[in-house]
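J.: Pasting a structure here, questions to come.
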Amino acid sequence: MNTAADHACADNPLLDALGIRLARVGPGHSTFELDIEPRHLNRQGTLQGGVSATLLDAACGYAGLQTEEGGALGNAVTLMLAISYLGRVSTGTVRAVATVTRAGRSIYFSSAELVSADGERIATAQGTFKRSPAAPATRAAADTSEA
């Protein structure tokens, strides 16, 4: 597994709080996983749509953050995300697998599928993302560690 994947959610408080794990990341692809818990369910007892959307957004976004093998993860913002909800799941592990479908210097497009442990497609997403510079706090920490 890529070392970037080992620490990527540590700097993303929302993903960390939800228990979402970055399983793989590399140039043009990423995979996130979530073990479904009762806190992730809606009133009907199935995975809440917002949790699915968060998984798909993260997967699509992270797929374009590493531009070269072994390189550092960059930053990006979501410009657009379209989601199609196709099925339901209540237990087990879900996986969001994303790939970049086209990329320019600052804008990239990616798509993802959210699948259950038995391979059922739960949702799909297509998104547009814009690479952005590191946040000031991140840059300051990097400057300090290099000194």
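J.: Pull up segment 111-123, narrow it to residues that are assigned to a loop (DSSP other than H, G, I, E, B) and charged (D, E, K, R), then point me to the one that is surrounded by the most Cβ atoms within 10 Å (Cβ to Cβ).
T.: 120
J.: Do you know which residues across segment 60-110 are in a loop (DSSP other than H, G, I, E, B), surrounded by 13 or more Cβ atoms within 10 Å (Cβ to Cβ) and among the charged types (D, E, K, R)?
T.: Within segment 60-110, just 88 meets the criteria.
J.: What number of residues in segment 23-50 are of a type in the set (Lys, Arg) and loosely packed, with under 13 Cβ neighbours inside 10 Å?
T.: Number of matching residues: 2.
J.: Further, regarding this structure: Of the numbered conditions (1) surrounded by 14 or more Cβ atoms within 10 Å (Cβ to Cβ); (2) not in a helix (DSSP H, G or I), residue 53 fails exactly one; give the number of that condition.
T.: (2)
J.: May I ask you to list pairs of residues, at least six apart or on different chains, whose Cβ atoms are under 6 Å apart, with the first in segment 86-113 being at pLDDT 95 or above and the second being open to solvent by less than 70 Å² (accessible area, probe 1.4 Å) and of a type in the set (Phe, Trp, Tyr)?
T.: From residues that are at pLDDT 95 or above, the pairs are 96/32; 100/108; 108/129.
The values are calculated or read from the model by the stated rules, or taken from the named source; none is laboratory data. Please read all numbers here as calculations on a predicted model, not as lab measurements. Reconstructed Cβ throughout: ideal geometry from the backbone, glycine too, with neighbour counts over all protein chains shown. SASA here: full protein model, heavy atoms, side chains in, ligands and nucleic acids out. Shrake-Rupley method; radii C 1.70, N 1.55, O 1.52, S 1.80 Å.
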